[in-house]
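Chemist: Structure incoming, see below.
The values are calculated or read from the model by the stated rules, or taken from the named source; none is laboratory data. Since this is a predicted model, take the numbers as computed values, not measurements. Cβ coordinates were reconstructed from backbone atoms using ideal geometry, including for glycine residues, and neighbour counts include every protein chain displayed.
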Amino acid sequence: MSNRREHRKGNRYNENTATDNRPYTDSHHDESAEVFICARCGKPIKDLSAALADKTDGNPVHFDCVLNFLKQHETLQANEAVTYIGQGRFAVIKYASMVTMKEFTIVRIIEWEDKNQRAEWRGKIADRFSLID
């Protein structure tokens, strides 16, 4: 029984485990990944796959920064909210009841990203995913 406990102690996670177990050590992708800075808040974008292209210049911005910007700049009536509906688009929706928030209608659609033009940095993401072994 004591051997079993010693075995468990040896398998515990420690600070060195994360640095010793590096995935994709034999991969051919470039480790010096470009760091993008959000034009709206000035902070680095850690998850580029969740970023959106800025409406003005196409550079990546945090999803939350865009959502907060739209909430501040859209004129909302009672029971209305801004929500993401996919493909770079947001919508102002009106709920029948703010208590249940089940039934809603789309009041207007906000085209944030141009669906006919893909940002250059999005291609870099696609290239990274294609290199995963």
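Chemist: Filter region 59-100 for residues that are in contact (Cβ under 8 Å) with a residue 40 or more places away in the chain and in contact with a Lys or Arg (Cβ under 9 Å, 6 or more places away or on another chain) and give the result.
Modeler: Pro60, Val66
Per-residue answers, yes or no, for (1) in contact with a strand residue (DSSP E or B) (Cβ under 9 Å, 6 or more places away or on another chain); (2) closer than 19 Å to Gly123 by Cβ; (3) modelled with pLDDT of 95 or more:
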{"position": "Asp47", "(1), (2), (3)": "no, yes, no"}
{"position": "Asp54", "(1), (2), (3)": "yes, yes, no"}
{"position": "Val82", "(1), (2), (3)": "yes, no, yes"}
{"position": "Gly86", "(1), (2), (3)": "no, no, no"}
{"position": "Phe90", "(1), (2), (3)": "yes, no, yes"}
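Chemist: Moving on to the next point. Can you find a residue that is buried (at least 16 other Cβ atoms within 10 Å of the Cβ), assigned to a strand (DSSP E or B) and assigned by TED's automatic domain parsing to the domain that holds Ile109 anywhere in region 51-74?
Modeler: Looking through region 51-74, none of the residues is buried (at least 16 other Cβ atoms within 10 Å of the Cβ), assigned to a strand (DSSP E or B) and assigned by TED's automatic domain parsing to the domain that holds Ile109.
Chemist: With β-branched (Val, Ile, Thr) and in contact with a helix residue (DSSP H, G or I) (Cβ under 8 Å, 6 or more places away or on another chain) as the only criterion, which of Val66, Val82 stands out?
Modeler: Val82
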